[in-house]
1. How many nm is it between the label spots at Val140 and Arg81, if each spot is 7 Å from the Cα in line with the beta carbon?
2. What is the set of long-range amide H partners of Ser51 at a cut-off below 5 Å, with H atoms built 1.01 Å from backbone N?
3. Roughly how big is the chain's charge dipole about its Cα centre, with Cβ charges of +1 (Lys, Arg) and -1 (Asp, Glu), in debye to the nearest 20?
4. Within the chain, which DSSP H helices have Cα atoms that stretch 15 Å or more along the helix axis and a mean Kyte-Doolittle hydropathy of at least -1.0?
5. When only Cα pairs under 8 Å and 6 or more residues apart are kept, what is the percent relative contact order across the chain?
6. What ranking, highest mean first, results for peptides 101-107, 19-25 when packing means the other Cβ atoms within 10 Å averaged over each residue?
7. Report the residue, chosen from Ala56, Ala35, Ala119, that carries the largest GNM mean-square fluctuation when the chain is represented by alpha-carbon nodes joined by springs under 10 Å.
8. Looking at the square roots a ≥ b ≥ c of the eigenvalues of the Cα gyration tensor of the range 1-43, which shape do they give, rounded for a/c under 1.5, prolate if a/b is larger than b/c, or oblate?
Amino acid sequence: MGEGPTEQVAARLHSASIRLLRLLRREDDSSGLSAPRLSALSVLVFAGPQSLAGLAAAEQVRPPTMSRIVDGLVEAGLVTREAKPGDRRSVRIAATEEGRRLLEAGRERRVRALTSRLARLAESERRALTRGVEILEQVVR
């Protein structure tokens, strides 16, 4: 049985999304951080401080793996580990200002790279893409 129109759109969107992420990920090379460290830092910047278990769950890795990622971020001065008052076993991990700046600079680089590519489109194509983004935002809610 062949794919229907909805499945074809889904397959094309999947492929385009992967290619877009790979394209924009190149902008992260100048950060000096690995993709897993950048991703964990992103969670901490945009979602706020997390426990190690919460961060591991958000990143879909095991706590020992996340512990090693956090160790590297702490060593780089991008996050802090703080024990909760009254419960030294419970630790919150939070982004530092330096971590926040690094992540925001990366976002600016990615947006600039994408803006440059979008500028090559005709105005009618940019309007169509604007509508497409609105629809994608509905899909991911």
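1. So the two model labels end up 3.1 nm from each other.
2. Ile93
3. On the way: 25 positive and 18 negative charges, 18 e Å.
Result for the chain is approximately 80 debye, rounded to the nearest 20.
4. Details: long enough: 5-25 (30 Å, 0.05); 35-47 (17 Å, 1.56); 63-75 (18 Å, 0.15); 97-118 (31 Å, -1.13); 123-140 (26 Å, -0.36).
In the chain, the long hydrophobic H runs are 5-25, 35-47, 63-75, 123-140.
5. Details: 105 pairs, mean separation 33.1, N = 141.
Once normalised by length, the contact order is 23 percent.
6. Numbers: 101-107: 16.6, 19-25: 12.0.
Answer by packing, highest mean first, reads 101-107, 19-25.
7. Greatest mean-square fluctuation among the candidates belongs to Ala119.
8. On the way: a/c = 5.00, a/b = 2.95, b/c = 1.69.
Since a/c reaches 1.5 and a/b is larger than b/c, the shape of the range 1-43 is classed as prolate.
Each reported figure results from applying straightforward, stated rules to the coordinates on display, with no laboratory input. Quantities reported herein were computed from a predicted structural model and do not represent experimental measurements. Neighbour counts are summed over all protein chains in view; Cβ atoms, including those assigned to glycine, are modelled from backbone coordinates with ideal geometry.
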